[in-house]
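Asks: Structure below; questions to follow.
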Amino acid sequence: MTEAALQDHNRPYQEWFDLDLLERAFAGPEVSLHTCRTFLDSSQQILSERFLGGSDIEALIQARSWLIDQLLRRCWKRLLGDFDGALVAVGGYGRSELLPGSDIDIMVLLGRPANGDTGQRIEAFLMLLWDIGLEVGHSVRTLDDCTQQAGADITIATNLMEARRLIGSSTLYETMRDRVGPAQLWPSREFFEAKLAEQKQRYQRFDDAMYNLEPNVKEGPGGLRDAQMIGWVLKRHFGSERLSDVVERGFLTPAEYSALMDGQRFLWKVRFGLHQMTGRREDRLLFDHQRTLARQFEYQDHDHKLAVEWFMRDYYWAIQELSRLNEMLLQLFQEVILYADDPGDPVPINRRFQARRGFLEVSNEHIFKRYPFALLELFLIMQQQPGLKGVQASTIRLVRDHRYLIDDSFRADIRTRSLFMEIFRQPRGVTQELRRMNRYGVLAAYYPGFGDIVGQMQYDLFHAYTVDEHTLFVVRNLRRFSAPKSADELPFCSRIAGTIPKRELLYLAGFFHDIGKGRGGNHSQLGATDAREFLHQHGLSDYDCNLVAWLVENHLLMSQTAQRRDISDPDVINEFTRQIGSRTRLDYLYLLTVGDIRGTNPTLWNSWKDALLKDLYLATRGALQRGLENPLHRDELIEDIKTAARRNLIEQGIDEELLNQLWQSFPAEYFLRHSAGEVSWHTQVILASGSTEGVRVDLRATTERGGSALFIYAPVTDRLFSRTTALLSRMGLTVTDARIITTERGYALDTYVFLDASGKPVLDVYQSRELVTRMEQELASKSTGALAVTRPMPRRATHFRVETQVRFHLDRTGTRTIVELFTTDYPGLLSEVARVFQDQDTVLENARIATFGAQAEDVFYVVNSAGEPLTDAQQTRLRDALVAMLDATG
């Protein structure tokens with residue numbers, strides 16, 4: 001928009017604000033700072049009220065720009081009215097797009113290099129702006145500075161390209177525009193290539209994921225920056241001042257332009273709300289703010305979804321559409337700017353498709369009308385032709401325009417069904433083309449069940465992505481197990497993936513595993529039903545259909561068994577093995593489980609989970625090899641562990657008689673819950689001084705269980721577990737597994753597996769020594785008070801309160817009570833729980849620790865003070881005490 005047109009457009013804003021108040025601020029010999037600040041505050045209040053009242057968002061951000069213009073012009077006139085220069089708005093302010101917390105970027109353009117007096121006057125001007133409450137980002141440049149800096153930095157060139165003169169020399173301003181224009185610097189081709197590379201780098205910062213659950217409204221893929229990118233290219237190459245020129249120049253249809261503007265206005269609205277809510281520039285749509293904005297925008301809970309989930313779904317749909325349009329427009333710009341002098345010769349691929357300059361295109365614009373199945377064939381060709389760089393923009397538009405052809409008859413066509421399955425069978429490009437199908441809207445059109453999960457938020461701390469984004473990440477992870485270039489990433493998984501008979505069944509299981517989410521009911525069962533029906537329609541055998549359906553229905557079985565059950569217990573392994581039933585199912589399920597966890601949250605996978613799942617897999621594989629009719633018994637396993645440990649210890653010079661004396665006091669449970677290597681380690685630590693008395697503390701930085709391990713041998717005392725876990729928490733460590741064993745002599749054989757704040761073992765030697773020293777001091781302390789944990793709860797966790805549930809049942813032997821605790825996880829939780837146990841005369845004998853996002857799902861094996869399972873009355877008192885403590889903490 002030209003300056004004159006903008007001023008004319010903004011005339012109504014004069015009626016919004018109290019300009020008389022602004023005039024009074026500048027009426028006296030000195031600028032009234034108080035009056036200026038009052039004017040700013042009252043004007044912002046007016047904008048806020050209009051925002052909450054539903055005023056047009058574009059008018060609001062332009063009104064704020066106009067408002068700041070008035071202040072800056074008056075300040076300039078007061079202090080620099082006779083100045084040889086110009087005041088210029090740049091960046092977003094130059095576009096007249098100011099939100100409440102946006103940067104107010106200005107440039108003081110000089111006609112000649114500044115001297116001492118000039119510098120002092122400019123400094124006084126900037127100080128005035130700060131004093132009246134304007135936080136400006138400023139630069140001071142001569143014409144030569146502009147030329148030099150813009151030529152060296154594409155970001156500066158872009159800011160100056162969006163410059164808008166506020167006041168001062170128009171001649172100087174126009175000269176600057178000419179000197180940094182495409183005729184002098186950054187010709188269209190170089191500018192476009194640089195901005196395209198800039199966008200790719202920006203996408204990579206967000207893992208190329210639009211659907212992060214705490215997205216960046218401005219910088220994230222599909223965000224406002226994508227729309228700005230389109231405007232920059234239009235302005236640089238075509239000299240366009242309006243985004244609507246994309247229609248006049250034939251790059252977008254009116255409907256597409258309308259979708260682009262609707263998306264941009266929606267994101268402006270969200271960003272305006274964020275700035276207003278936080279009182280600062282905040283472009284991250286954090287969990288802290290999502291619920292508030294959903295209420296402010298009047299979303300309601302319905303159809304098994306929260307209001308915030310409906311709000312975020314609209315958000316994800318908006319950025320998906322912006323991303324689609326951005327991709328198509330940049331492809332069109334690429335053809336016009338980079339290949340204008342080289343139309344290229346078509347290279348036939350088949351009767352329906354050809355390649356031109358490395359991009360796939362239809363042989364004529366009627367192909368999809370005549371051969372609707374080509375809407376799927378396009379993606380298969382992209383997989384089979386690795387030399388192709390992408391799809392021509394004109395063909396992308398034809399795909400979007402012909403999606404209406406994907407109806408029931410299209411889905412029933414044997415050709416389309418065969419093409420869809422063939423995409424999953426290809427050795428390369430499976431994930432890439434599924435993503436492309438999703439961007440073009442074809443995937444949801446062909447399989448409406450996928451459309452139901454597009455943009456479906458999972459409002460918890462366990463999942464970092466929407467359901468559709470997570471699903472495609474899982475398929476990518478499964479595909480990487482078979483990719484030679486990724487063989488070193490998870491070599492154990494890669495070896496197993498090389499043995500499964502049909503990899504496409506694994507990818508299909510990943511595709512369907514969460515397809516039932518958001519409908520209410522058991523999503524695994526719903527997904528299994530959908531998968532079986534869909535795959536049967538697509539010609540798979542009953543065996544293959546049943547295998548994929550079984551994997552979908554049981555995709556959580558392995559992770560839940562590994563993290564919630566005691567997999568050192570042969571009975572647990574035997575039960576799990578019966579559920580699995582075959583080596584084929586085990587291999588597929590193990591790979592699906594690893595791919596699912598790694599695709600849920602970048603921070604969720606760690607060495608402990610890796611070791612835990614691998615242990616379960618190997619134990620189950622061994623049980624399958626023995627045969628379901630010949631299960632492993634506890635006594636056999638205990639004897640095997642003792643034999644292996646004894647052999648190793650004798651080789652290390654340990655006296656066998658002393659060894660036997662020590663082990664006589666160890667319960668059978670100890671040998672079941674520890675490997676032969678761990679038994680050897682513990683025994684060596686205890687017998688190192690030749691005595692079984694006293695306290696021992698030892699740490700191994702890395703262990704077979706995937707984390708660091710702390711072993712404590714000490715007389716059992718009140719609050720031992722509480723104080724130990726509190727100290728670990730105070731040092732920023734997360735306990736992933738606690739094995740609490742008591743000998744017949746009343747000594748604790750406690751082993752804690754833990755990770756640091758980044759989810760990795762503690763490898764720092766000094767931190768390890770400090771932990772051992774502090775633990776020894778703690779055990780030697782006579783204090784009986786609780787050890788306070790002062791680590792704050794993570795910001796995200798404060799928004800996900802889990803209703804506390806406590807469940808009781810007997811263990812397999814009937815000698816202990818199992819307490820299952822489901823509650824909000826927070827630093828110091830274990831020590832607080834242990835304190836409640838102590839207060840209720842409940843003796844802890846074992847513990848199983850698991851955390852899923854914000855939810856702790858811990859299992860404790862306890863008895864009462866008489867060494868017996870808890871009575872009904874004791875269970876009731878313990879439940880009430882735990883709930884009261886946890887509710888008070890929350």
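Asks: What number, in percent, do you get for the relative contact order of the stretch 830-885 if the mean sequence gap of Cα pairs under 8 Å and at least 6 apart is divided by its residue count?
Replies: This gives 31 percent for the stretch 830-885.
Asks: Additional query: Loop only by DSSP, 16 or fewer other Cβ within 10 Å of the Cβ. Give me the GluC sites (Glu not before Pro) in the stretch 104-200 that pass, ordered by residue number.
Replies: Values: sites: GLU123, GLU135, GLU162, GLU174, GLU190, GLU193, GLU198; in loops: GLU135, GLU162.
Passing both the DSSP loop test and the Cβ count: GLU135.
Asks: Normalising by the residue count of the chain, find the relative contact order in percent from Cα pairs under 8 Å and 6+ residues apart.
Replies: On the way: 1277 pairs, mean separation 57.9, N = 890.
With pairs under 8 Å counted, the relative contact order is 7 percent.
Asks: Let me ask you something else. Between the stretch 245-270 and the stretch 420-499, how many Å separate their Cα centres?
Replies: Answer, in whole Å: 30.
Asks: I need the peptides 234-246, 374-386, 40-52 ranked by packing, meaning the mean over residues of other C-beta atoms within 10 angstrom, with the highest value on top. Mind showing how you got there, number by number?
Replies: Details: 234-246: 17.5, 374-386: 20.3, 40-52: 15.5.
Output ranking for 234-246, 374-386, 40-52: 374-386, 234-246, 40-52.
Asks: In whole percent, what relative contact order does the stretch 131-282 give with Cα contacts below 8 Å and a gap of six or more residues?
Replies: Numbers: 95 pairs, mean separation 23.9, N = 152.
The value is 16 percent.
Asks: Work out the charge dipole of the chain with +1 on the Cβ of Lys and Arg and -1 on the Cβ of Asp and Glu about the Cα centre, then indicate which of ILE122, ALA850, MET328 is farthest towards its positive end.
Replies: MET328
Asks: Express as a percent, rounded to the nearest 5, the fraction of DSSP beta bridges in the chain (both residues included) that run antiparallel. Let's see the in-between values first.
Replies: Details: 61 of 70 bridges.
Once the DSSP bridges in the chain are tallied, antiparallel ones form about 85 percent.
Asks: I'd like to check one number: the per residue accessible area of the chain, probe 1.4 Å, reported in Å² as a whole number. It would help to have the intermediate numbers written out before the result.
Replies: Working: 37220 Å² over 890 residues.
Result: 42 Å² of accessible area for each residue.
Asks: To the nearest 0.05, what FRET efficiency results for ASP131 and GLU248 with a Förster distance of 41 Å applied to their C-beta separation?
Replies: Working: r = 46 Å, r/R0 = 1.11.
Plugging the Cβ-Cβ distance into 1/(1 + (r/R0)^6) gives 0.35.
Asks: So what's the convex hull volume per residue for the Cα atoms of the stretch 70-127, in Å³?
Replies: Working: hull volume 5.1 nm³, N = 58.
Hull volume over Cα atoms, normalised by residue count, gives 89 Å³.
Asks: Report in % the part of the accessible area of the chain that belongs to carbon and sulfur, leaving out ligands and nucleic acids; probe 1.4 Å.
Replies: About 47 percent, which is the carbon plus sulfur part of the accessible surface.
Asks: To continue, here is another question. Quick check on the chain: helices-only [θ] at 222 nm, where DSSP H runs of length 4 and up contribute -39,500 (n - 2.57) each and the sum goes over total residues. Nearest 500, please. Working shown, then result.
Replies: On the way: 40 runs with 478 residues, N = 890.
After summing the helix terms and dividing by residue count, I get -16500 deg cm²/dmol.
Asks: Still on this structure: Could you size up the charge dipole of the chain around its Cα centre, putting +1 on the beta carbon of Lys and Arg and -1 on that of Asp and Glu, and report it in debye to the nearest 20?
Replies: 1480
Asks: Using protein chains only and a probe of 1.4 angstrom, how many square angstrom of ASP841 are accessible, to the nearest 10?
Replies: Solvent-accessible area, nearest 10 Å²: 100 Å².
Asks: Once you have a ≥ b ≥ c as the square roots of the Cα gyration tensor eigenvalues for the stretch 392-447, tell me rounded if a/c is under 1.5, and otherwise prolate or oblate according to whether a/b is larger than b/c. Kindly include the intermediate steps, with their values, before the conclusion.
Replies: On the way: a/c = 1.99, a/b = 1.06, b/c = 1.88.
It is oblate, given that a/c is not under 1.5 and a/b is not larger than b/c.
Asks: For ARG877 and ASP82, calculate 0.36 nm times their separation in residues minus their Cα-Cα distance, and state this gained length in nm to one decimal. Mind dumping the intermediate values first?
Replies: Values: separation 795, 0.36 × 795 = 286.20 nm, distance 8.24 nm.
Full extension from ARG877 to ASP82 adds 278.0 nm.
Asks: Now a separate question. Considering only C-alpha atoms, what is the centroid distance from the stretch 798-843 to the stretch 561-576, in Å?
Replies: Cα centroid to Cα centroid, the span is 20 Å.
Asks: What does the C-alpha gyration tensor say about the overall shape of the stretch 343-498? Classify as rounded when a/c is under 1.5, otherwise prolate if a/b is larger than b/c, or oblate.
Replies: On the way: a/c = 1.99, a/b = 1.36, b/c = 1.46.
Judged from the Cα gyration tensor, the stretch 343-498 comes out oblate (a/c at least 1.5, b/c at or above a/b).
Asks: When ranked by the protection proxy of mean other Cβ atoms within 10 Å per residue, highest first, what sequence do the peptides 872-883, 328-339, 626-637 form?
Replies: Details: 872-883: 16.1, 328-339: 19.8, 626-637: 12.3.
Going from most to least packed, we get 328-339, 872-883, 626-637.
Asks: Hey, with R₀ at 22 Å, roughly what FRET efficiency would GLU744 and GLN652 work out to, going by the Cβ-Cβ distance, to 0.05? Let's see the in-between values first.
Replies: Values: r = 25 Å, r/R0 = 1.13.
Computed FRET efficiency for GLU744 and GLN652 comes out at 0.30.
Asks: Follow-up. Going by average Cβ neighbours within 10 Å, how do the peptides 387-397, 213-223 rank, with the highest at the top? Before the final figure, lay out the partial values.
Replies: On the way: 387-397: 18.1, 213-223: 22.6.
Ranking, from highest mean packing down: 213-223, 387-397.
Asks: Show me the helices of the chain, taken as full DSSP H stretches, that run 30 Å or more along their long axis by Cα and average 0.0 or above in Kyte-Doolittle hydropathy. Can you show the working numbers first?
Replies: Working: long enough: 57-80 (34 Å, 0.16); 254-278 (36 Å, -0.30); 307-337 (44 Å, 0.12).
Passing helices, by number: 57-80, 307-337.
Asks: What ratio of Cα Rg to 2.2 N^0.38 Å holds for the chain?
Replies: Numbers: Rg = 33.3 Å, N = 890, 2.2 N^0.38 = 29.1 Å.
So the chain has a normalised radius of gyration of 1.15.
Asks: Shifting gears a bit: Using the alpha-carbon centroid of each, what span in Å lies between the stretch 157-188 and the stretch 626-654?
Replies: The distance from the Cα centre of the stretch 157-188 to that of the stretch 626-654 comes to 80 Å.
Asks: Also, I was wondering about something else. Given labels modelled 7 Å from the Cα in the Cβ direction, how far is it in nm from LYS760 to VAL863?
Replies: 4.3
Asks: What does the C-alpha gyration tensor say about the overall shape of the stretch 598-650? Classify as rounded when a/c is under 1.5, otherwise prolate if a/b is larger than b/c, or oblate.
Replies: Values: a/c = 4.21, a/b = 1.56, b/c = 2.69.
Note, shape of the stretch 598-650 comes out oblate.
The values are calculated or read from the model by the stated rules, or taken from the named source; none is laboratory data. Please read these numbers as outputs of a predicted model, since none were measured by experiment. With ideal geometry, Cβ positions are generated from the backbone for all residues, glycine too; neighbour counts draw on all protein chains shown. Each accessible area value is taken on the protein alone, full model and side chains, heavy atoms only, with ligands, DNA and RNA left out. Shrake-Rupley method; radii C 1.70, N 1.55, O 1.52, S 1.80 Å.
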